[in-house]
Amino acid sequence: MIDLIPAMVWSATADGMLDFANQHFLDFIGAPLEAISGERFYGIFHPDDTSQLAAEWHEIMASKNAREVEGRLRRADGSYRWCTLRQKPRLDPDGSVLRWYGVVLDIEDRKQAENALKETKSALAASEENLSLIINSLPVLVWSARPDGSADFVNKSWLDYAGLPADKILEWGFLDLYHPDDIPGMVHIWKRDLEHSDHTVNKGRIRGADGNYRWFYFAGRKLVDANGVVRWFGCNIDIEDLERAGNALRRSEAALRESEHKLSLILNTIPAMAWSGTSDGRLEYFNRNLIDYVGLPPEEIVGFGFYRMFHPDDVEPMRAVWNDIVTTKKSRPVDARVRRADGEYRWFNLRQSPLLDADGNVVRWYGVVVDIEDRKRAEESLRQSQSELAHVTRVTATGELAVSIAHEVNQPLMAIVTNAGTCLRRLQPGHTDIEQARLAAERIVKDGHRAGDIIASIRAMAQKSATRMEPTDLKGALGDVLDLLRGELRHRDIELSIDLPRQHLKVIGDRTQLQQVVLNLVMNSVEALKDTSGPRQINILCSEDEKQARVSVLDTGHGVPVAELDQIFEAFYSTKADGMGMGLSICRSIVEAHGGRIWASNRDNGEGGLFSFTLPIAEGAVAND
């Protein structure tokens, strides 16, 4: 059971020698237990942190007072990640340490968020699977109360935090520890929920043994047992760091084994939808929150009946993904729409983890269902904004090329006029030459189609339309956009070299968006050549490389400073004084949306920049001209 906990759990002897680490811990560091047991566990920490961690660990053992310690832990791939180490001693009646127990929590994201001036919120660190730990080792304050709201149980963490015996906290004694400013509002909410609700949510400050107040989140639920006895069960979660650091909520991750009855009660009070299934993927268990949300009888969703919860359009994709997960025994998050009891569908992220036996066979599946509707809406809003910005960029670029485009359109039109005159002369009496007239007429048709193709390309670039992911000839798309650019490049005295493959390269994508990527990259090279005194050249290369189409734009400009190669694709970052910094950012968004990759470098000779992107080739879509 401990190996299923998505946290790194460890224990040590009274003198601090590591003698146990759960499988999650071992998988994280990529080493067996014998490699880190005893004092060898110092080797998994960053060399710069080892001395400090050793000193703090010896101080903790000497004082017998547990506290959080932070350090960088080496992961299996060799990278170091910031972690917080929590520990707690198990004492004998004389107060001597029998053993040390603890968890290691990955706080790399929180560290990065703090270093980025709190631009992002820390992710919720607690996981509902941690309920398998015994209650008294939970770093949360667990409690139960009578129908009148007075407390009749608090766990050891409660006692340790308050630094008081149980009789000073039970009944209504806990109110003496609440911040005076918070008591009226908290008592009002607590009494209101006791009378009119089956659950309660509250927030307030509790004084600890050191005399300082810390913010806590309160959650509780009413339970009526088989004898009709009403009790409330809940816990108080320390959210001081959330209040101080951009509302980043962290849950404590440890559990002390308690009776199965209490564990079941806690499981049904957690604010999340949890489930478990058999080895072949049949739904076997689900908590009360899931049943309340979907509003379906339990007997209708057990087994494979759980597909009834999903949107009709998501059932078959969900079935295929779930069958693949069960077959491969490899968990991965899945997004799907789940129907609420009132008939509304909301997007959820379904996460699962297998319990394996010694032979690697799945014994059971465990998982949670997390509401991501707000995230989905935000992503859709972002996609719409990017599409709007991309359209504006295309129109702007097309406008900048207006003079050159007009010249390109004028050439076939003048050819049409010339050929039309020739045709008329060959049809006049005395000078009739039907064959020459026919040839002139054919040239008129050819030039007319050429002018039409140019105008169609301009219209496609300027038109605002929805993204269409369909088989697209990348070679043809490149040719069309380069035809629009030839006049501009001649006007700027830039030599254009094109190396396209003989065969068509079919990719799945939006033709206009892919043309915009090439247009942005070429115009970026044009700007790079503005102040160049040497050769002014742009080379366009397109090739097939391991089931991928690769397009490269090379120029003979000044290149890109090495320090800026990783930044130029970021939004609003520009190397030009008058640049907006959106062109390359849009290119990256488009390429990545098509399943490809884009990057920048400098030419081997150091003279000029090189921008390349790859796109997956549509299966069976390469054909010779």
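The values are calculated or read from the model by the stated rules, or taken from the named source; none is laboratory data. All values derive from a computational prediction rather than experimental measurement. So basically every Cβ, Gly included, is an ideal-geometry build from the backbone, and we count neighbours across all protein chains shown. Each accessible area value is taken on the protein alone, full model and side chains, heavy atoms only, with ligands, DNA and RNA left out. Shrake-Rupley method; radii C 1.70, N 1.55, O 1.52, S 1.80 Å.
Below, the figures for the structure above:
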| quantity | calculated |
| --- | --- |
| The stretch 22-36, residues that are surrounded by fewer than 16 Cβ atoms within 10 Å (Cβ to Cβ) and touching an Asp or Glu at 6+ places or on another chain (Cβ under 7 Å) | Gln23 |
| Unmet criterion (only one of (1) out of contact with any helix residue (DSSP H, G or I) (no Cβ under 6 Å at 6 or more places or on another chain); (2) buried (at least 18 other Cβ atoms within 10 Å of the Cβ)) for Gln516 | (1) |
| The one condition in (1) within 29 Å of Gly220 (Cα to Cα); (2) without any contact (Cβ under 8 Å) to a residue 12 or more places away in the chain; (3) among the hydrophobic types (A, V, I, L, M, F, W, C) that Trp365 fails to fulfil | (2) |
| Single residue of the stretch 154-169 satisfying the filter (of a type in the set (A, V, I, L, M, F, W, C) and crowded, with 17+ Cβ neighbours inside 10 Å) that is nearest to Phe233 (Cα to Cα) | Val154 |
| Which listed residue, of Leu521, Leu529, is open to solvent by less than 30 Å² (accessible area, probe 1.4 Å) and at pLDDT 85 or above | Leu521 |
| Of all residues making up the stretch 1-21, the number that are outside any strand (DSSP E or B) and buried (at least 21 other Cβ atoms within 10 Å of the Cβ) | 2 |
| Hits in the stretch 446-491 (condition: modelled with pLDDT of 70 or more, outside any helix (DSSP H, G or I) and surrounded by fewer than 14 Cβ atoms within 10 Å (Cβ to Cβ)) | Arg468, Met469, Glu470, Pro471 |
| Close pairs (9 angstrom Cβ cut-off, 6 or more residues apart or separate chains): over 11 Å from Ser601 (Cα atoms) in the stretch 557-568, acidic (Asp, Glu) and assigned to a loop (DSSP other than H, G, I, E, B) anywhere | Gly557/Asp531; Gly557/Glu607; His558/Asp531; His558/Glu607 |
| Count of residues meeting criterion [surrounded by fewer than 17 Cβ atoms within 10 Å (Cβ to Cβ) and either hydroxyl-bearing (Ser, Thr, Tyr) or over 40 Å from the mean Cα position of the chain (by Cα) (or both)] in the stretch 189-201 | 3 |
| Search result, residues across the stretch 340-379 that are open to solvent by 40 Å² or more (accessible area, probe 1.4 Å), within 17 Å of His24 (Cβ to Cβ) and within 24 Å of the chain's Cα centre (by Cα) | Arg351, Ser353, Tyr366 |
| Count of residues meeting criterion [open to solvent by less than 70 Å² (accessible area, probe 1.4 Å) and either touching a helix residue (DSSP H, G or I) at 6+ places or on another chain (Cβ under 9 Å) or in a strand (DSSP E or B) (or both)] in the stretch 328-339 | 7 |
| Qualifying residue in the stretch 524-540 (condition: among the hydroxyl-bearing types (Ser, Thr, Tyr), free of Cβ contacts under 8 Å to residues at least 60 places away in the same chain and in contact with a helix residue (DSSP H, G or I) (Cβ under 9 Å, 6 or more places away or on another chain)) | no |
| Top-ranked residue in the stretch 268-305 [being of a type in the set (S, T, N, Q) and either within 19 Å of Arg319 (Cα to Cα) or in contact with a Pro (Cβ under 8 Å, 6 or more places away or on another chain) (or both); ranked as least open to solvent (accessible area, probe 1.4 Å)] | Ser276 |
| Qualifying residue in the stretch 560-571 (condition: under 29 Å from Met469 (Cα atoms), under 28 Å from the mean Cα position of the chain (by Cα) and among the β-branched types (Val, Ile, Thr)) | yes |
| Which listed residue, of Arg90, Arg72, Arg86, Arg81, is part of a strand (DSSP E or B), open to solvent by 80 Å² or more (accessible area, probe 1.4 Å) and at pLDDT 90 or above | Arg90 |
| Residue list for the stretch 602-611, filter: in a loop (DSSP other than H, G, I, E, B) and either without any contact (Cβ under 8 Å) to a residue 12 or more places away in the chain or in contact with a Ser or Thr (Cβ under 7 Å, 6 or more places away or on another chain) (or both) | Asp604, Asn605, Glu607, Gly608 |
| Residue among Pro501, Pro535 that is crowded, with 16+ Cβ neighbours inside 10 Å and either part of a helix (DSSP H, G or I) or in contact with a Ser or Thr (Cβ under 9 Å, 6 or more places away or on another chain) (or both) | Pro501 |
| Pair list, Cβ < 6 Å and 6+ apart or interchain, from the stretch 272-289 residues that are under 21 Å from Lys329 (Cα atoms) and touching a residue at least 24 places away in the same chain (Cβ under 8 Å) to residues that are among the hydroxyl-bearing types (Ser, Thr, Tyr) and surrounded by 17 or more Cβ atoms within 10 Å (Cβ to Cβ) | Ser276/Tyr366 |
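Let's see how each residue does on (1) surrounded by fewer than 19 Cβ atoms within 10 Å (Cβ to Cβ); (2) modelled with pLDDT of 85 or more; (3) outside any loop (DSSP other than H, G, I, E, B); (4) touching an Asp or Glu at 6+ places or on another chain (Cβ under 7 Å):
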residue: Glu546; (1), (2), (3), (4): yes, no, no, no
residue: Ala571; (1), (2), (3), (4): yes, no, no, no
residue: Ser574; (1), (2), (3), (4): yes, no, no, no
residue: Ile586; (1), (2), (3), (4): no, no, yes, no
residue: Ile590; (1), (2), (3), (4): no, no, yes, no
residue: Ala600; (1), (2), (3), (4): no, yes, yes, no
residue: Phe613; (1), (2), (3), (4): no, yes, yes, no
residue: Pro616; (1), (2), (3), (4): yes, yes, yes, no
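Conditions (1) among the hydrophobic types (A, V, I, L, M, F, W, C); (2) modelled with pLDDT under 90; (3) more than 17 Å from the chain's Cα centre (by Cα), marked per residue:
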residue: Arg99; (1), (2), (3): no, no, yes
residue: Asp109; (1), (2), (3): no, yes, no
residue: Glu114; (1), (2), (3): no, yes, yes
residue: Thr120; (1), (2), (3): no, yes, no
residue: Asp148; (1), (2), (3): no, no, yes
